[in-house]
Amino acid sequence: MKKLVTLALFFALGSTLAQTTINYYSFTTDATHMDDMKALIAAFEKANPGVTINLTTAPFDTYFTKLQTDIAAGSAPDVLETNFENFATLASKGVLRPLPLDAAGRSAFYPAALNAFKYKNQQYALPISFSTVVLFYNKALFDKAGVKYPTASWKWQDVLSAAQKINNPAQKVWGIYQPVQFWEFYKVAQQMGSGMRVSPTVQIDTPQNRMALHYLVDKVQVSKVMPTDAQLSGVANEDLFLNGQLGMLVSGVWMFDKFSKAAFPWDIAVEPGNTRKATHFFSNAAAVSASSKNADAAQKWVTFLASSPVAAQRRISSNWDLPALSLSQRSVIAPYLQKTQPVNREAVFDSLKYAVTPPVVEKQSQLQDIINQELDAARLGTKTVEQALQSAQQRVSALLGK
């Protein structure tokens, strides 16, 4: 509570800034939550009458292209949003301003989310939201198959064993769905105890990574506990789960609202690992442009977005997204944890204990395209796992000149 009081005082103070306009560029504010953002802006401007926030939004698929154009033209916004994948590029190019943060300020955030936005041991952005990927499971299908629910001690073999017992393709029921793509591969490679690395050398085709990809691909090609494209028949995997046709689904916590409509009981667990646990999370952050002429006011706005109780409560109450605050901020997080479905909401935060981040390079989109193409070939059976990873190794090495 002391930390919250300190933060509240911080946001209430400092109305001595001269009249200042902060240009804020956002991709996390869509039409659904425009009223929420306007409410946050109003609250901030009321506490800081000398500051006006000028909001500009863009969809994610065009946001970073326009941002790069504005930066090159010398018209960067005072405050910009970034995700983890684009953060390193922005920080390395010197377009972000370091954000001083003392120990009390750091303790307000969940460490994994905060540390994702450090570059060369300096904080360049503050996380404004995060989401984790967890294991969803259909309790009704588990009960029908006589399988015990997932626990913290589960490993890959437990997942496969449960999936095989639940699996019944003749009745259009499958044991599990886990996407075979970049995000899942880098994570299960970490679960295998190795990992996918591209610096200082490219390490994609390794014995451990082959085992990791087999874990993903064999669900479709060998044990057949995961539906093929033909069996999906154009139905999205999340709809298959909602229809009661999947025992388990590896997906993000953004599915909570959709699955609240399910006609069966379900819950979540921290995703099982193999030699170790590893989970991935997605996080968006706000940063101050290095060229901003209003850096002090801009940093106040970033801090407000990231850690003010007002912003956190608004995000939770409107089901916008989850603030990246530590569990020590119980009075703020409590409304989220008190929601009745899923029961094990603590798993959302527990997953962050095992968070791993993907390799990030300036040619990030090309890197991901190459990996996804090769993984898809393995999933479809047009290449073996070994052939796919060998090709990925060669192509990424050529892309990065290594």
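From largest accessible area down, sort GLU346, GLU85, GLU362; use a 1.4 Å probe on the protein chains.
Working: GLU346 65, GLU85 25, GLU362 130 Å².
My answer, sorted largest first, is GLU362, GLU346, GLU85.
With all distinct Cα pairs included, what does the Kirkwood hydrodynamic radius of the range 125-280 come out to in Å, to one decimal, could you say? List each step's numbers first, then the result.
Working: mean 1/r = 0.0619 Å⁻¹.
That comes to 16.2 Å for the range 125-280.
In plain terms, if you count all Cα to Cα distances in the range 73-112 and split them into 5 Å steps from zero, the share in each step is 5, 16, 22, 25, 20, 8, 4, 1 percent.
Could you tell me the calculated FRET efficiency between LEU399 and ASP30, based on Cβ-Cβ distance and R0 = 45 angstrom, to the nearest 0.05?
Working: r = 32 Å, r/R0 = 0.72.
Efficiency for this residue pair is about 0.90.
The antiparallel fraction among DSSP beta bridges confined to the chain stands at about 65%.
Counting only protein heavy atoms and a 1.4 Å probe, tell me what percentage of the range 41-172's accessible area is made up of carbon and sulfur.
With neighbouring chains kept in place, the figure for the range 41-172 is 53 percent.
When the P(r) of the range 328-402 is calculated, the portion above 20 Å amounts to 56% of the C-alpha pairs.
Determine the shape class of the range 356-398: with a ≥ b ≥ c the square roots of the Cα gyration tensor eigenvalues, call it rounded for a/c under 1.5, and otherwise prolate if a/b is greater than b/c, oblate otherwise. Taking the square roots of the gyration eigenvalues as a ≥ b ≥ c, the range 356-398 is prolate.
Segment LYS46..ALA73, full-extension length gain: 6.5 nm, with 0.36 nm per residue of separation and the alpha-carbon distance subtracted. With N the number of residues in the chain, Rg(Cα) / (2.2 N^0.38 Å) evaluates to 1.04.
For the range 295-402, averaging the sequence separation of C-alpha pairs within contact (under 8 Å, six or more residues apart) and dividing by the residue count gives a relative contact order of 13 percent.
A Gaussian network model of the chain, with springs between Cα atoms under 10 Å, assigns the largest mean-square fluctuation among GLN245, GLN313, GLN364 to GLN364.
What size of dipole, in debye to the nearest 20, comes out for the chain about its Cα centre when the only charges are +1 on Lys and Arg C-beta atoms and -1 on Asp and Glu C-beta atoms?
Numbers: 38 positive and 30 negative charges, 172 e Å.
Value, rounded to 20: 820 debye.
Rounded to two decimals, the Cα-based Rg/Rh of the range 225-276, with Kirkwood Rh, is 0.99. Inter-label distance, ALA39 to SER223: 4.4 nm, where each label sits 7 Å from its Cα along the C-beta direction. Straight-distance candidates among the aspartates and glutamates for linking to LYS148, with alpha-carbon spacing under 12 Å and chain neighbours fewer than 8 residues away dropped: ASP158. Between ALA152 and LYS93, the simple label model (points 7 Å from Cα in the Cβ direction) yields a spacing of 4.3 nm.
Based on the Cβ-Cβ distance from GLU362 to ASN54, what FRET efficiency comes out when R0 is 25 Å, to the nearest 0.05? All intermediate terms of the calculation are to be shown ahead of the outcome.
Values: r = 30 Å, r/R0 = 1.19.
Given R0 = 25 Å and the Cβ-Cβ separation, E is 0.25.
When you filter the chymotrypsin sites (Phe, Trp or Tyr not before Pro) in the range 304-400 for DSSP loop state and at most 12 other Cβ atoms inside 10 Å of their Cβ, nothing is left. Computed with every protein chain present, the accessible area of TRP174 is close to 10 Å² [probe 1.4 Å]. Relative contact order of the range 164-238, taken over Cα pairs closer than 8 Å and 6 or more residues apart, is 29 percent. Taking a straight Cα-Cα cut-off under 13 Å and skipping sequence neighbours fewer than 8 places away in the same chain, the aspartates and glutamates within cross-link reach of LYS261 are GLU238, ASP239. Computing Rg and the Kirkwood Rh from the Cα coordinates of the range 41-119 gives a ratio, Rg/Rh, of 0.99.
Using a Gaussian network model of the chain in which every pair of alpha carbons under 10 angstrom is joined by a spring, one finds that among ALA170, ALA306, ALA42 the greatest mean-square fluctuation is at ALA170.
Comparing mean-square fluctuations of ASP78, ASP267, ASP229 from a GNM of the chain with C-alpha springs under 10 Å, the top value falls on ASP229. Only Cα pairs under 8 Å and 6+ residues apart enter the sum, and on that basis the relative contact order of the chain stands at 25 percent.
Counting only heavy atoms of protein chains, what accessible area per residue, in Å², does the chain have with a probe of 1.4 Å? Mind showing how you got there, number by number?
Numbers: 17170 Å² over 402 residues.
Ligands and nucleic acids excluded, the result is 43 Å² per residue.
Rounded to the nearest 10 degrees, the inclination of helix 182-191 to the longest alpha-carbon principal axis of the chain is 80 degrees. Within the range 352-367, whose backbone N sits under 18 Å from a point 7 Å along Cα→Cβ of ASP376? What the label zone holds, given the 18 Å backbone N cut-off, is 364-367. Measuring nothing but protein heavy atoms, the accessible surface of the range 276-378 at 1.4 Å probe radius is 47 percent carbon and sulfur.
Summarising the label geometry, the points placed 7 Å from Cα in the beta-carbon direction at ALA104 and ALA230 lie 6.5 nm from one another. For a straight C-alpha distance cut-off of 29 angstrom, the lysines reachable from LYS363 (same-chain residues fewer than eight places away being disregarded) are LYS66, LYS93, LYS118, LYS120, LYS187, LYS277, LYS353, LYS383, LYS402.
Once every DSSP H run of n ≥ 4 in the chain is given -39500 (n - 2.57) and the sum is divided by its residues, what mean residue ellipticity at 222 nm do you get, rounded to the nearest 500 deg cm²/dmol?
Working: 19 runs with 182 residues, N = 402.
Estimated from H runs of four or more residues: -13000 deg cm²/dmol.
The values are calculated or read from the model by the stated rules, or taken from the named source; none is laboratory data. Being a predicted model, the structure only gives us computed values, none of them experimental. Here the Cβ is made from the backbone with ideal geometry for all residues, glycine too, and neighbour counts use every protein chain on show. Accessible surface areas use protein heavy atoms only, side chains included; no ligands, DNA or RNA. Shrake-Rupley method; radii C 1.70, N 1.55, O 1.52, S 1.80 Å.
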